[in-house]
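Chemist: Please find one structure pasted underneath; my questions will follow.
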Amino acid sequence: MATTQTLRAACIIGWPVEHSRSPLMHNHWIAKYGLNGIYRREPVTAEEFPRFIASLADRGYVGGNVTQPHKDMALRFSEPDDRARAVGVANTLWYEGGRLRSTNTDVEGFVGALDASAPGWDRGATQAVVIGAGGAARAVVYGFIERGIERIHVVNRTQDRAEALRTAFGPRVIPADWNALAGLLKTAHVIANATNLGMKGNPPLEIDLGPVRDEAVIAEVIYVPLKTPLLEQAQQRGLRTSDGLDMLLYQAGRGFEKWFGVRPEVTPELRAIMEKDILGK
Ligand code: NAP
């Protein structure tokens, strides 16, 4: 489907940004929907970031994604929506009436992955355990609150950061000590790893899923490797899981729609392309 519309460009801004798989995903959708668009990587240092996003439109961009270490600056140097403000970091930028707006799409990414991989995961679920208290964990907690989970136990190496989530999101968030984790896992309906533990080059998240409920769902935010030691253990234990790659795929659609005007679909074909890239095949 050829089109005569003018070229629209979006980008991912980060430092480093070479590792990002967002261009593969967005350029796949651009080709699939026959759009005159392009999605590029923009390596930008923290010092350069404020000036870079202040001139995003002058650089030819209709918007973009923001990855580490700029997600908090993206929030401060744009007009965030309620979701980005609540989560405290932004990952998606677009223009609205000439104003640079931002949002956080990791929330719908996380929940969308769960809905796709473990349909009905929230039916009757009252208790969650979130391990981690950084940017991804904040999105996870927000998603659980939106879905009505009553008690969200947050366990983090640095306890102060878990306490900060209770301050941000209210009494449904219950900060807990790492030593309490084993006990909390036994009764949780859904358990999420939102740390860097298990990521390629990092030690694994060492928890024992042996005593968890048979119907518990295990969610992972990491997507390199595709199957973290946590997911491996969960699948061996026969538990339902949702992974970080689906989170990445499901978070991307809203930005794409804002920049290119088409709501893209997450398909098995796209997932296979991403998997192949991650596995280096
Ligand atoms: P972040 O803000 O830096 O938070 C990192 C978290 O990991 C903190 O809770 C930190 O604990 C914990 N942590 C790191 N090293 C640890 C260790 N050795 N032992 C115990 N805890 C440790 O990072 P983030 O933005 O939340 O990202 C976290 C992960 O989510 C990354 O792997 C990222 O790639 C992934 N992510 C995936 C998606 C997706 O679409 N799939 C989206 C966003 C993020 P402290 O507070 O104690 O330092």
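Chemist: Mind listing just one residue for me: the one in region 243-265 that is more than 12 Å from the ligand (Cβ to nearest atom) and assigned to a loop (DSSP other than H, G, I, E, B) and, of those, least open to solvent (accessible area, probe 1.4 Å)?
Modeler: Applying the filter and picking the extreme gives Pro264.
Okay, residues lined up against (1) among the hydrophobic types (A, V, I, L, M, F, W, C); (2) more than 22 Å from Val130 (Cβ to Cβ):
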{"position": "Asp208", "(1), (2)": "no, no"}
{"position": "Pro211", "(1), (2)": "no, no"}
{"position": "Ala219", "(1), (2)": "yes, no"}
{"position": "Thr228", "(1), (2)": "no, no"}
{"position": "Gln251", "(1), (2)": "no, no"}
{"position": "Arg254", "(1), (2)": "no, yes"}
{"position": "Lys258", "(1), (2)": "no, yes"}
{"position": "Pro264", "(1), (2)": "no, yes"}
{"position": "Thr267", "(1), (2)": "no, yes"}
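Chemist: Would you mind finding the one in Gly98, Gly88 that is more than 25 Å from Ala219 (Cβ to Cβ) and open to solvent by 10 Å² or more (accessible area, probe 1.4 Å)?
Modeler: Gly98
Chemist: Applying the selection to region 16-71, what residues are among the charged types (D, E, K, R), in a loop (DSSP other than H, G, I, E, B) and without any contact (Cβ under 8 Å) to a residue 40 or more places away in the chain?
Modeler: Correct list: Glu18, Glu47, Glu48, Asp58, Arg59.
Chemist: May I ask you to say which residue of Gly37, Gly14 is in contact with a strand residue (DSSP E or B) (Cβ under 9 Å, 6 or more places away or on another chain) and under 14 Å from Phe260 (Cβ atoms)?
Modeler: Gly37
Chemist: Could you list, in sequence order, all residues of region 193-215 that are within 16 Å of the ligand (Cβ to nearest atom) and open to solvent by 70 Å² or more (accessible area, probe 1.4 Å)?
Modeler: Scanning region 193-215 gives Asn196, Met199, Lys200, Gly201, Pro203, Glu206.
Chemist: Return yes or no: is Val154 more than 8 Å from the ligand (Cβ to nearest atom), touching a helix residue (DSSP H, G or I) at 6+ places or on another chain (Cβ under 6 Å) and part of a strand (DSSP E or B)?
Modeler: yes
Chemist: Could you list, in sequence order, all residues of region 66-118 that are among the basic types (Lys, Arg) and within 10 Å of the ligand (Cβ to nearest atom)?
Modeler: Lys71
Chemist: If I filter region 103-135 down to residues being among the charged types (D, E, K, R) and in a loop (DSSP other than H, G, I, E, B), which single residue comes out as least open to solvent (accessible area, probe 1.4 Å)?
Modeler: Of everything passing the filter in region 103-135, Asp122 is least open to solvent (accessible area, probe 1.4 Å).
Quick grid of which residues meet (1) small (Gly, Ala, Ser); (2) in contact with a Phe, Trp or Tyr (Cβ under 8 Å, 6 or more places away or on another chain); (3) open to solvent by 80 Å² or more (accessible area, probe 1.4 Å):
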| residue | (1), (2), (3) |
| --- | --- |
| Leu7 | no, no, yes |
| Val17 | no, no, no |
| His26 | no, yes, no |
| Tyr39 | no, no, no |
| Thr45 | no, yes, no |
| Phe49 | no, yes, no |
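Chemist: Is it fair to say Arg85 is without any contact (Cβ under 8 Å) to a residue 40 or more places away in the chain, in a helix (DSSP H, G or I), assigned by TED's automatic domain parsing to the domain that holds Ile12 and not hydrophobic (A, V, I, L, M, F, W, C)?
Modeler: yes
Chemist: Any residue in region 217-246 that is over 20 Å from Pro119 (Cβ atoms) sitting within a Cβ distance under 6 Å of a residue that is open to solvent by 50 Å² or more (accessible area, probe 1.4 Å)? List the pairs, counting only those 6 or more apart or interchain.
Modeler: Close Cβ pairs (under 6 Å, with a partner that is open to solvent by 50 Å² or more (accessible area, probe 1.4 Å)) amount to Ile222/Met199; Val224/Lys200; Pro225/Lys200; Pro229/Pro204.
Chemist: Let me ask another. Checking Ala168 against (1) in a helix (DSSP H, G or I); (2) touching a residue at least 60 places away in the same chain (Cβ under 8 Å); (3) near the ligand (Cβ under 10 Å from one of its atoms): exactly one of these is not met. Which one?
Modeler: That leaves (3) as the condition not met.
Chemist: So, one more: Determine, yes or no, whether Arg147 is among the charged types (D, E, K, R) and touching a strand residue (DSSP E or B) at 6+ places or on another chain (Cβ under 7 Å).
Modeler: no
The values are calculated or read from the model by the stated rules, or taken from the named source; none is laboratory data. Not measured: the values here are computed from a predicted model. Please note: Cβ atoms are built from the backbone with ideal geometry, for glycine as well, and neighbour counts cover all protein chains shown. The area values use the complete protein model at the heavy-atom level, side chains included, leaving out ligands, DNA and RNA. Shrake-Rupley method; radii C 1.70, N 1.55, O 1.52, S 1.80 Å.
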